[in-house]
Amino acid sequence: MKEIEELIKLAAYKHKIDMQKGREIYNDINWLLDEIKAEVDEVKEEIQEQNSPFLEDELGDILWDLFMLIEKLRDKDLISSHENIIKRALKKYQERIFALKAKSLEEDEKIWQAVKAKQKRELQEEKEQYKK
C-alpha cells in the first residue's frame, strides 16, 4: 500500500530530525513504548464513545508511534526494517489462520497453539543461527 510506504518514509525523516535535535527523550525507546500505551488508552475511550473519526485518528497515532519505534530500533541495529516486520507478521498469521478449521473453538485453539509452538521453535533456531 502506497500510504504505508509514505508513512515509513515520513517516520524515517522524523527520526533524522530527532537525531539532529539531540534531545534524549525523542530517542528513548521506553518513552515511545509508554506513548503507545497512552494511545491505546485513548483508543479505548473512542471505542466507548463510538466516535469513528476520533477512533481512526487515535489508531493512526498508534501506527505512527509504532513506525517511529521501528525507526529507533533500526537505528540501534536491533532490527533490520519495517518491511521485515511486516513480512514476519504476514507469515506468522497466515500460518496460524489458514490452519484453522472453524469446526470448534477447542479444536482451533489446539491448532493455534500447535502452530504457535512450531513458530517459537523456528524463531529459536533462527536466533541460534545469529549467534554463530
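The values are calculated or read from the model by the stated rules, or taken from the named source; none is laboratory data. Note that the structure is predicted; figures quoted are calculated from it, not measured. Note that we place each Cβ from the backbone using ideal geometry, even for glycine, and neighbour counts take in every protein chain shown.
Listed values, structure above:
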{"item": "Matching entry among LEU7, LEU55 (being crowded, with 16+ Cβ neighbours inside 10 Å, in contact with a helix residue (DSSP H, G or I) (Cβ under 7 Å, 6 or more places away or on another chain), touching a residue at least 24 places away in the same chain (Cβ under 8 Å) and in a helix (DSSP H, G or I))", "result": "LEU7"}
{"item": "Test: residue in segment 38-50 that is of a type outside the set (D, E, K, R), under 19 Å from the mean Cα position of the chain (by Cα), at pLDDT below 95 and in a helix (DSSP H, G or I)", "result": "no"}
{"item": "Segment 69-80: number of residues that are free of Cβ contacts under 8 Å to residues at least 24 places away in the same chain and surrounded by 12 or more Cβ atoms within 10 Å (Cβ to Cβ)", "result": "2"}
{"item": "Count of residues meeting criterion [surrounded by 11 or more Cβ atoms within 10 Å (Cβ to Cβ), among the hydrophobic types (A, V, I, L, M, F, W, C) and over 12 Å from the mean Cα position of the chain (by Cα)] in segment 81-109", "result": "3"}
